[in-house]
Each structure stands twice: as C-alpha cells, then as structure tokens.
Ligand SMILES: NC(=O)c1ccc[n+]([C@@H]2O[C@H](COP(=O)([O-])OP(=O)(O)OC[C@H]3O[C@@H](n4cnc5c(N)ncnc54)[C@H](OP(=O)(O)O)[C@@H]3O)[C@@H](O)[C@H]2O)c1
C-alpha cells in the first residue's frame, strides 16, 4: 500500500473470490502454522490496518488507548492494544457490545449514546491514542476532546467528510491527528505473526463460496459478527 504501484486482488485485478489465483510475489505473506486460514483472512485487512496503525501510533504499554467503533476493525484493535499492554477503552453506541468488549480485553466500555466520549476519556486521564474506526465524521469529531497531552488521533475509518477539531486544543495539548492506510506484504506478515503469538483472533462467520451472495447480504445489513469468511 505504501508503493504507488501496489496492486490489490479484487480491486486492481480479478481473483478475490477464486479458489486458485495468481498473485505478484511481492504481494504475498507467509502464514504461521499456528494460524487457521479462516482466521487469517480478516487479519489481512481489518487486522493489518489496526495492528499497523497502533504500532505506529506511539502508544506504549500502560498508555490509555481508545478504540472508537467495535466492528470488524475495532474488535481486533481492542485485542491488539490489550496484548500490547495498553489500558484499553472501547467506545460503542449502546451497551450491546459491552460484554464482548470486556471479553476482548477492554478495561473500560464507554456507551457513546449515554456518555460524552470526550469527557469520559478526559476523566480517565486523557487518551494517548484514539483509534477511530467508526465511519462517521460526527462520531470522530465527538472524541477529539478526549485526547490527553501529546495525544494522537489516528483515523482509519475511510470517510470523505471533514471532521471538526479545535486547533487551540491541538496546540495546548501538543496533539496530532493523522490517518493510516493498511500496509504492505511485510506488515501483513508481522500482523499474522503477532496474532499467532499473542492469540489475537477475529470473530468470524463462515459461508461456502457458493453462498457468497447470502454472506454479502449479512455484511451489507450489518448483521455479521464481525467478519464473513468464504470457505471454498
Ligand atoms: N484505513 C484503511 O486502510 C482501512 C482498511 C479497512 C477498512 N477501513 C475502513 O474502516 C472503517 C470501519 O470498517 P469495519 O469493517 O470495521 O466496519 P464495521 O464492521 O461496519 O464497523 C464499524 C463500526 O463503527 C461504528 N459505527 C458505524 N456507523 C457509525 C456511525 N454512523 N456513527 C458512529 N459509529 C458508527 C459501529 O460500532 P458500534 O456499534 O460499536 O458503535 C460499527 O460496528 C470503514 O470506513 C472501512 O472502509 C479502512
């Protein structure tokens, strides 16, 4: 992804849902034996994006890391941050995912419909890193005030709308806002290896390849928890 000539299967050329395919050798990643292929599949998008964003965010063990949006990316981000020794706050709309977030390793659960997320994070001491996975400019704007001193808002949610952030808050808090794209084949290998080593796994639902359209519907209707994997 860092390379301007990067090619992505299923986007740059056909093959995403094929049983067999050819791929450029520089685009493939070695699989650890300990990892099941079904679990590895989501790690090569949702996993690499959150793992790579977090490891480049400046977050260190003991830091408060907030993950906004507990979906395909967010449920992995909570695990990666916890395995990296961070104090983890999961931000979600409603309480449906509270138990799940705790199971995944979150130390705090913030229902953003019941509590102001920025105020709650500030009460916790201010986040060193907020990883924004929720695809909503309003939602992202609502958390920027929860950054602590030297805090870093890392946006991985792919939205085109502008977000609101106070320049004065950034100045006074020496804070930063940035975005992060997933990563390269090397980063994929690192993601798979770390996931195998630290027992990070995606929550998946599996479908046969011939049921791809049904699987797609579950995803589009936001019913999948959290990733749908097609098994040829
Ligand atoms: N940067 C990259 O390279 C990269 C790579 C992959 C994906 N992405 C992008 O990352 C984003 C998340 O992907 P995903 O697969 O994790 O999606 P997802 O499974 O739908 O999860 C997104 C979560 O965000 C929250 N959310 C959704 N709509 C919201 C809204 N209007 N307001 C507030 N919160 C909302 C929900 O969490 P709660 O129910 O917990 O509130 C939802 O579960 C997408 O925009 C995707 O395109 C970026």
Checking the structure you have, find out if any residue of the stretch 49-65 is in a strand (DSSP E or B) and in contact with a strand residue (DSSP E or B) (Cβ under 8 Å, 6 or more places away or on another chain).
yes
Can you tell me which residue in the stretch 1-25 is modelled with the highest pLDDT, limited to those that are out of contact with any strand residue (DSSP E or B) (no Cβ under 7 Å at 6 or more places or on another chain) and over 17 Å from residue 181 (Cβ atoms)?
25
Hey, could you check the stretch 74-89 for residues that are surrounded by fewer than 24 Cβ atoms within 10 Å (Cβ to Cβ) and assigned to a helix (DSSP H, G or I) and say which is farthest from the ligand (Cβ to nearest atom)?
83
Report yes if residue 130 is closer than 17 Å to residue 88 by Cα, buried (at least 17 other Cβ atoms within 10 Å of the Cβ), within 16 Å of the ligand (Cβ to nearest atom) and touching a residue at least 12 places away in the same chain (Cβ under 8 Å), otherwise no.
yes
Taking the stretch 173-209, which residues are at positive phi and within 12 Å of the ligand (Cβ to nearest atom)?
183
Single residue of the stretch 210-232 satisfying the filter (within 11 Å of the ligand (Cβ to nearest atom) and part of a strand (DSSP E or B)) that is surrounded by the most Cβ atoms within 10 Å (Cβ to Cβ):
227
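Results for (1) under 17 Å from residue 78 (Cα atoms); (2) outside the structural domain of residue 83 (by TED's automatic domain parsing); (3) within 14 Å of the chain's Cα centre (by Cα), shown as yes or no for each residue.
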| residue | (1), (2), (3) |
| --- | --- |
| 125 | no, no, no |
| 144 | no, no, no |
| 152 | yes, no, no |
| 158 | no, no, yes |
| 161 | no, no, no |
| 166 | no, no, no |
| 170 | no, no, no |
| 185 | no, yes, no |
| 193 | no, yes, no |
Those residues that are within 16 Å of the ligand (Cβ to nearest atom) and surrounded by fewer than 17 Cβ atoms within 10 Å (Cβ to Cβ), I need them from the stretch 155-172; list them, please.
158, 159, 160, 161, 162, 164
Considering only the stretch 90-107, state which residues are surrounded by 17 or more Cβ atoms within 10 Å (Cβ to Cβ) and either assigned to a helix (DSSP H, G or I) or more than 9 Å from the ligand (Cβ to nearest atom) (or both).
100, 101, 104, 106, 107
Flagged in the stretch 181-212 as farther than 17 Å from residue 52 by Cα and touching a residue at least 40 places away in the same chain (Cβ under 8 Å), in numbering order, are 203, 204, 206, 209, 212
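The values are calculated or read from the model by the stated rules, or taken from the named source; none is laboratory data. These numbers were taken from a predicted model, which means no experiment stands behind them. Because the Cβ atoms are built from the backbone with ideal geometry, glycine has one as well, and the counts that use them run over all protein chains shown.
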